[in-house]
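Enquirer: So that we are looking at the same thing, I have put the structure below in structure tokens.
The values are calculated or read from the model by the stated rules, or taken from the named source; none is laboratory data. Bear in mind that the values here come from a model prediction, so they are computed numbers and not experimental data. A quick note on method: Cβ atoms are made from the backbone with ideal geometry, for glycine too, and the neighbour counts reach across all protein chains shown. These area figures cover heavy atoms from the full protein model, side chains too; ligands, DNA and RNA do not enter into them. Shrake-Rupley method; radii C 1.70, N 1.55, O 1.52, S 1.80 Å.
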Amino acid sequence: MSLTGEGALEPYPDYFREEGVNYFPNPFHPESKDVIDGRYQLWLISTAGPMLTFYYNPETLDLMGSELDFDQPPPAIPVAFPTLYLVPTPFFQPKANGDVDVKVTYAYDGMLRGDLPQFSHFFVTFPPHNLCFANPYRLDLSSLRPYLSDPRPADEARPWSDYLKGGMLFDVTAEPSDYHVWPPRVTFLGTHQGSSAVAGGVPDGWSMNIDAAFMGVAPPIRRWIGAGKCEDTFEPQHTPNINFCELMPH
């Protein structure tokens with residue numbers, strides 16, 4: 001991986017977020033609110049993740065967790081969601097001028113975490129935290145929050161060929177100087193992103209539209225609000241907050 005240009009990445013970056021503005025605590029995605037003297041990782045992301053079953057409390061309709069969180073399925077409402085899976089490189093820092101030149105070698109038959117080879121990938125998807133805020137036909141109208149599984153053990157590592165199925169996504173993130181939780185996952189402090197999953201590529205100033213990708217509709221890309229700006233940008237949560245239970249006839 002190479003990134004060049006004035007200030008491509010800032011060495012040992014600091015990020016400070018404000019709860020309720022650009023940081024929203026999430027029990028299914030524990031991450032550090034702030035990053036001080038940060039470090040970077042490149043994430044290799046496959047769009048060919050499996051369907052995972054999630055369980056909702058039959059009384060409150062609140063999300064309880066996925067099939068990976070329970071030894072046996074709980075007495076709950078099962079709902080399946082598509083997933084992505086991803087694995088990182090080792091941590092790295094740019095040169096003083098911000099340039100990056102990182103080379104990483106993986107075993108073809110098993111992609112392990114570059115920083116912790118006892119782990120492989122983990123799964124990420126975006127289920128609603130309550131079924132009342134989910135529209136079964138319009139993902140874009142649903143209030144969605146990230147869900148990240150624990151990293152899978154090394155013996156579940158997927159081959160490189162699995163990452164190529166359906167196209168890949170790439171994401172460079174700023175991570176805390178120490179692991180925030182164990183086992184570690186990822187922050188959503190993205191700095192550079194890319195996608196080979198969109199036919200013809202994603203033009204400069206645009207990004208992949210995750211709604212369109214999951215719904216299988218066009219266009220699969222949208223303009224990126226931070227394009228051309230040398231400043232931090234934040235896309236609001238995917239929370240239309242439409243309570244469909246209240247809209248249903250009683």
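For every residue, the table says whether it meets (1) outside any strand (DSSP E or B); (2) among the small types (Gly, Ala, Ser).
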| site | (1), (2) |
| --- | --- |
| 124 | no, no |
| 144 | yes, no |
| 151 | yes, no |
| 174 | no, yes |
| 178 | yes, no |
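Enquirer: Follow-up question, since we're still on this one. Scanning for something surrounded by fewer than 16 Cβ atoms within 10 Å (Cβ to Cβ) and polar (S, T, N, Q), does the stretch 142-160 turn up at least one residue?
Expert: no
Enquirer: Is the stretch 3-13 home to any residue that is modelled with pLDDT of 95 or more and either outside any loop (DSSP other than H, G, I, E, B) or in contact with a Leu (Cβ under 6 Å, 6 or more places away or on another chain) (or both)?
Expert: No: the stretch 3-13 contains no residue that is modelled with pLDDT of 95 or more and either outside any loop (DSSP other than H, G, I, E, B) or in contact with a Leu (Cβ under 6 Å, 6 or more places away or on another chain) (or both).
Enquirer: Restricting attention to the stretch 54-73, does a residue exist that is touching a residue at least 24 places away in the same chain (Cβ under 8 Å), in contact with a strand residue (DSSP E or B) (Cβ under 8 Å, 6 or more places away or on another chain), in a loop (DSSP other than H, G, I, E, B) and closer than 18 Å to residue 193 by Cβ?
Expert: no
Enquirer: Hey, another quick one. Could you give me the residue pairs with C-beta distances under 7 Å whose first residue belongs to the stretch 238-250 and is modelled with pLDDT of 90 or more, whose second residue is of a type outside the set (A, V, I, L, M, F, W, C) wherever it lies, and which are 6+ apart or on separate chains?
Expert: Qualifying pairs under 7 Å: 239/143; 240/143; 241/143; 244/135.
Enquirer: If you go through the stretch 164-202 one residue at a time, how many are over 20 Å from residue 120 (Cα atoms) and open to solvent by 60 Å² or more (accessible area, probe 1.4 Å)?
Expert: 5
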